[in-house]
Protein chains: 2
Amino acid sequence: VTEPLPLSLADVRAAAERIRGVAHRTPVVGSRTLDARVGARVLLKAENLQRAGAFKFRGAYHCISRLSEQERARGVLASSSGNHAQAVALACSLLGCAATVLMPTDAPPSKRRATEGYGATVVEFDRYCDDRERLTQERAERDGLTIVHAYDDPRVMAGAGTTALELIEDAGPLDVLVVPLGGGGLLSGCAVVAKGLRAATRVIGVEPQASDDTLRSLAAGRRVTIEVGATIADGQQLAVPGRLTFPVVRALVDRVVTVSDEQILEAMAFLFERMKLVVEPSGATALAAVLAGELDVSGLRVGVVLSGGNVDSARLVSLWKGRGG
Amino acid sequence: VTEPLPLSLADVRAAAERIRGVAHRTPVVGSRTLDARVGARVLLKAENLQRAGAFKFRGAYHCISRLSEQERARGVLASSSGNHAQAVALACSLLGCAATVLMPTDAPPSKRRATEGYGATVVEFDRYCDDRERLTQERAERDGLTIVHAYDDPRVMAGAGTTALELIEDAGPLDVLVVPLGGGGLLSGCAVVAKGLRAATRVIGVEPQASDDTLRSLAAGRRVTIEVGATIADGQQLAVPGRLTFPVVRALVDRVVTVSDEQILEAMAFLFERMKLVVEPSGATALAAVLAGELDVSGLRVGVVLSGGNVDSARLVSLWKGRGG
């Protein structure tokens, strides 16, 4: 017996209506240099130009806009040191709702400042001692807050899927769609759209080599928990696929591939120097797979999601220096 | 007796038809953070995402597409170590025309490689010994080449003006339009558009402090030649305004202001960190003037042209390191 998927194309279309005029409709950009280099027509969806710097705003805003008035009056809770934190904080400020964000004590000060800058209350926890899941649950129950999960929520997945809807509306039919893969919210949302619009479109997820939990889970046929290694792709350091996202990925995604940190840096440098776009390591993983020749895309129309751009200049300088050094 | 201006709104509209589908229609982007910071609605025209990395492609392609078949068969000649070189090289490769580019021997190797990468022949000259103007004329006559000037040509000015046409079409009416100013091709083209569409729009040009030839020429009432100082804004190091561009600037531009290197770096950092856009120093001068509070834009709708993005990662790293250090 196959359970129905937690997400449909209609859900994503409804989310697109809900976020219209609030989320940016980010541009789709291309480059003849890129096309010549990979021998395909490549269309990049620039979610690094999204509000709060990443696709995460789509899901966070959509989810919070669908809460009841009572839920919004009590406030929401998120746990994230990254792009989801800023997305929830911004969405709450737009929807007039209090946001509390649990962040590890060692989160980058710039991320904390950005989250607080959007008006959220940051609560610290010790990443090495505290049980994050339990803390989140306890805090939510104690204060009557509604948890907005970073990916494992159909409303968040539907919001993320609007990325692919816009890409395909603007770029036309795709032979292949390549998407960064961490918790799986973006990939599952985009897969529902791509397959729903045209079943022949191949959908590919890209993980960092050091965090290949989905690749291994697909091989095992069930969600397996891995030891996450060191990688510059901090947005994808997850130990286990999502409970809701994994079934969608398993049902609809044609292939998951991995990329090395070196391949990610190569893609970031290409985006910087040739496309004039600042893209963070996790945001560049899908393009990294295409540039590295990991995929057979010769002669095809290939959509690639650049999922975020939140890397500060000091970090970029240190990444550049490490490159080839 | 006032001479007629060398450029009209109709010329720019015709140029827009000519470059349609060849030049990118670059996105107009905004940011609530930016709006809050300057107290205005700011709409950025991202010409750093233009083909060959700068607005220059518009004028170069338009000009070369308007040459006769005989002229194109003989080939074109440009003199530039910067964005115009790459723009002419790319335009020629698209129009099936031979390009020769005069470049100083000390031009950055990356710019030379990019120009040659588009198929142009690079001819070196010594910036300190050779008379560039004379060299260009002699070479053109000797080889029967048509010179494509970087700004002082009505076809180049009309092509550059399409930047403002698209900005206003996409963003709606503007109270103020702020444009980087070097030779004056971009500013004069944009001024003809902005004033032609709505006479009440204020048009402002922005020069680096170290290269304020237009500001001083406006004060003197005639084109004056200055000693150009050191500045990071390498695209605007010009000693004298253009013969054709200056009358347009004088007739239509409301004000010229200058910005310091520090203000330019501040704007580049904002664009990098908050907008995820790579913009070169000259490309960021117009935004620098807005961010620095040099202009009274409170409560207004302000268009700002980001004119180019050709700064390589090594240079950006060295600029960052110099900043506040």
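The values are calculated or read from the model by the stated rules, or taken from the named source; none is laboratory data. Every value quoted in this text rests on a predicted model; they were computed, and no experiment measured them. Methodologically, a virtual Cβ is constructed for each residue, glycine included, from the backbone with ideal geometry; neighbour enumeration extends over all protein chains shown. All accessible areas refer to the heavy atoms of the entire protein, side chains included, with ligands and DNA or RNA removed. Shrake-Rupley method; radii C 1.70, N 1.55, O 1.52, S 1.80 Å.
For segment A:88-107, residues that are under 26 Å from residue A:126 (Cα atoms) and touching a residue at least 60 places away in the same chain (Cβ under 8 Å) total 1. Residue count for segment A:130-141 under the criterion of being open to solvent by 80 Å² or more (accessible area, probe 1.4 Å) and modelled with pLDDT of 90 or more: the result is 4.
When the test is whether a residue is in a loop (DSSP other than H, G, I, E, B) and without any contact (Cβ under 8 Å) to a residue 40 or more places away in the chain, residue A:227 passes it. When segment A:295-325 is limited to residues that are crowded, with 20+ Cβ neighbours inside 10 Å and polar (S, T, N, Q), the one that is modelled with the lowest pLDDT turns out to be A:310. Determine, yes or no, whether residue A:305 is in contact with a strand residue (DSSP E or B) (Cβ under 9 Å, 6 or more places away or on another chain), within 27 Å of residue B:306 (Cβ to Cβ) and of a type in the set (A, V, I, L, M). Against the criterion (in contact with a strand residue (DSSP E or B) (Cβ under 9 Å, 6 or more places away or on another chain), within 27 Å of residue B:306 (Cβ to Cβ) and of a type in the set (A, V, I, L, M)), residue A:305 qualifies.
Among the residues of segment A:255-282, just one is acidic (Asp, Glu) and either within 20 Å of residue A:151 (Cα to Cα) or buried (at least 23 other Cβ atoms within 10 Å of the Cβ) (or both), namely A:280. Consider segment B:15-25 and keep the residues that are within 12 Å of chain A (Cβ to nearest Cβ) and not charged (D, E, K, R). The one that is least open to solvent (accessible area, probe 1.4 Å) is B:22.
The residues listed here are A:12, A:28; of these, the one that is modelled with pLDDT of 95 or more, at negative phi and either within 13 Å of chain B (Cβ to nearest Cβ) or surrounded by fewer than 24 Cβ atoms within 10 Å (Cβ to Cβ) (or both) is A:28. Going by what's in this entry, would residue B:249 be described as assigned to a loop (DSSP other than H, G, I, E, B), closer than 16 Å to residue B:307 by Cβ, in contact with a Leu (Cβ under 9 Å, 6 or more places away or on another chain) and modelled with pLDDT of 95 or more? So residue B:249 fails the test.
Summed over segment A:295-312, residues that are in a loop (DSSP other than H, G, I, E, B) and within 14 Å of chain B (Cβ to nearest Cβ) total 5.
Go through segment A:3-30 residue by residue and tally those that are touching a residue at least 12 places away in the same chain (Cβ under 8 Å) and either over 23 Å from residue B:48 (Cα atoms) or of a type in the set (Gly, Ala, Ser) (or both). Total meeting the criteria: 17.
Applying the condition of being assigned to a loop (DSSP other than H, G, I, E, B) and at pLDDT 95 or above to segment A:265-294 and asking which residue is farthest from the other protein chains (Cβ to nearest Cβ) yields A:292. Taken over segment B:113-129, the criterion of being outside any strand (DSSP E or B) and open to solvent by 70 Å² or more (accessible area, probe 1.4 Å) is satisfied by B:113, B:116, B:127, B:128, B:129. Among the residues of segment A:220-234, not a single one is open to solvent by less than 10 Å² (accessible area, probe 1.4 Å), over 26 Å from residue A:86 (Cα atoms) and away from chain B (no Cβ under 13 Å).
Just one of the numbered conditions (1) under 30 Å from residue A:83 (Cβ atoms); (2) touching a residue at least 12 places away in the same chain (Cβ under 8 Å) is not true of residue B:273: (2).
The helices (runs of 4 or more DSSP H) falling completely within segment B:31-79 that include 1 or more residues that are buried (at least 24 other Cβ atoms within 10 Å of the Cβ), touching a residue at least 12 places away in the same chain (Cβ under 8 Å) and within 13 Å of another protein chain (Cβ to nearest Cβ) map to B:56-65.
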